[in-house]
Structures are given as structure tokens and as C-alpha cells.
């Protein structure tokens, strides 16, 4: 019996290896052997791009300096890089359907990272994407915030200034390095003061084996040149006087730092309760900055929450999940607005809590980075 199981497992291994090899051959042929020749991309029925076929629509547009937002850098895992393809894209792929509603599919919305340019294509994109720019900058400062989180400050060189709305994000280009054989883009929220328009601050948390975070933590040095593009995103402060609840964890701190700077600059004193969660005390950061905002902004209150303090950590503040702290401090969130930044799981859990406490879903704002 045991021998039969081993033989069956061996057969499965062989079949899997053959399948993987065939897939690799197909990818190789697609990239290096098949020649689709010159293709045209018609953008918004007015701009014509002459390009070489074979790459993804996302990549080809980027090479033409038209930047489509993509939180995952084109891996097909975020569902952000949506464009309307009027003609020439072929059928919707199985890799796209998890991210597209039936209505979006009926309206010819596609993931640009999954659409290959093999022939002439006609697309529609929002006009504001033509205002997205590529920035050349220099890494000016790298500052430790926690054991696994750093703030990277970049001095802008070309163009020398950026105009963005507090809460938006940029795509940082990670170049080839060591075992990373291709350039990739990753999305990071802007953490800097919008009034300091010649710099960009990004708060980045190390992801084990992450392509871009490994480069940022282990290879990027002060003085190194970098490229980024943006700004992107609709996450920003609403134009109301409603009281607000902020919830974040880890590098989700970034957009709220920028939003708080914006509020201080413009003397906006709306009521804010900010819950920031960490697994342990060592995961908390920027306590001094938050205290300064509490002094500067009437109605702002910062509440750090530690899920499970370690044995050697002294902590007398809120404990448990950050959403549990929200439930302990509020009986109702009717009339409030919610602002979230963090992992998809945290965002989903927070939305459920907000709605259960009476906050309408259309008053909950977030950018969910996969």
C-alpha cells in the first residue's frame, strides 16, 4: 500500500513538473520568440500610439509614459489597473474575472496587466491619468521607525516639485538587483507634508522575501537615484465637518501623516479618533509625531492598540484587535466617517465593525493594497 502511494505521488510530481516546464516554455516563446510586429493603441479616440506588440497593455502604456495605477506592480493580484478596452483585447481571462464585476465585464473593463498587445487596440482611460508624471529623485534619508519599518525621504530632481492630495500614493520603481531579474513597480502611500512639495516621504514595512522591500531595506542607500510615478488614488479627506475615525496598522500610518499635515496647514479641526494597531509594542511608531498633532489639532486623539504585548514589554494601553478597541470606545458611529489603511483583512474587519455601529458604507474611505 505504501509503495503504491509513493508511486502515485511520483507520477503526480512528474506530471506537475511537465506542466510547469510547458508553462515556462510558453512564457519564453511569448516573450522572446513570437513576434507580433508593430501595433497601434488608440487612446480615448484621439491619441494614437505606435508600439511593438507582445507585452502587456500596462507595460506598453508605461513605456509610452501613460501610467495606469497598479498596487501590485502588474502581477495580477490587486485588480487596480482597470481600463476600458473598446476593441482588440480578446476574451476576458480567468485571471481577470475575480476582480471584475459582471457589469464591468459587460462594459469592456479589463485588467491592463493581463491584456496582451497582439494587435491594434482601442482603449479609454480617465483624462486625469495624463497628468500623472514620472519623477526622478534621490534618496536623501533613511530613518528607522521600528525594527521592520523605515521612512524613506526622496528629494525630487526632475520634475523638482509634486502636487498631490494628502492620502494619495505613488508607484516606486524597483530596479534589477542580485536575484531580481526585472524591474517592478510597487505602490506606497505618500507620507509627506503636501506643502513640502520638493520631497516625498514613503513609510515602508519589510515584507519577508518581498522584491521591492528587500531592495529598499538591503540595497537602497542614501544618495542613490530612484524613479517613481504618480500621484494616484481617490483616498483623501472629505469636504465635510463630520467627525472621523481613522484605523491603520503598520505602514498604513503613511497617508494619515500626510492628511494630518494637511489639516494642520489648513486649520481644519474636525473631531478625529485615530486607532493604530500593532501585534506588539515594538510594532508601534511615530508616537512623538502623533503627540505633536494632538497638541496642534483640536479634537484629535491618537490611540495605539497592541494585540498581544510580549512578556518583556510594558504596556498599559488598549489591547486586542484594533477593531475591538473601536467597539469598546464607541456605542454608535452614526454620523461619523471612516478612513482605513492597512492590510485587506484589517480593512474588511473594520468595515464590518463600522457598519454594525451605524456608519453607512458610502462614508467609509480606503485604498486597499494587496
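What follows draws every value from the coordinates through simple rules; no lab data is involved. Fair warning: this is a prediction, and the values are worked out from it, not measured in the lab. Because the Cβ atoms are built from the backbone with ideal geometry, glycine has one as well, and the counts that use them run over all protein chains shown.
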- Message: If I model a spin label at residue 296 and residue 182 as a point 7 Å from the Cα along the Cα→Cβ vector, what separation in nanometres do I get?
- Response: 4.2
- Item | Burial order of peptide ranges 46-53, 326-333 (average beta-carbon count within 10 Å, highest first) | 326-333, 46-53
- Item | In degrees, nearest ten, helix 253-265 long axis to first principal axis of the chain (Cα) | 50
- Place a point 7 Å from the Cα of residue 222 in the direction of its beta carbon; the residues of the stretch 281-324 whose amide N falls under 19 Å from it are none
- Query: Say each of residue 86 and residue 163 gets a label point 7 Å from the Cα, pointing the same way as Cα to Cβ; how far apart are those two points in nm?
  - Reply: 2.9
- Query: What fraction of the DSSP beta bridges in the chain is antiparallel, stated in percent and rounded to the nearest 5?
  - Reply: 65
- For the chain, what is the mean residue ellipticity at 222 nm derived from helices alone (per DSSP H run of n ≥ 4: -39500 (n - 2.57); sum divided by total residues; nearest 500 deg cm²/dmol)? -7500 deg cm²/dmol
- Let me know the shape class of the stretch 49-102, please: from the alpha-carbon gyration tensor, a ≥ b ≥ c as square roots of the eigenvalues, rounded when a/c is under 1.5, otherwise prolate if a/b is greater than b/c, or oblate. oblate
- Message: Sort 175-185, 71-81, 350-360 by packing, meaning the average of other beta carbons within 10 Å per residue, with the highest value first.
- Response: 71-81, 350-360, 175-185
- Message: With the cut-off at 1.5 for a/c, could you classify the stretch 244-366 from its C-alpha gyration tensor as rounded, prolate or oblate?
- Response: oblate
- Message: Assuming 0.36 nm per residue, please report the length gained on full extension of the stretch residue 44 to residue 308 beyond their Cα-Cα distance.
- Response: 89.8 nm
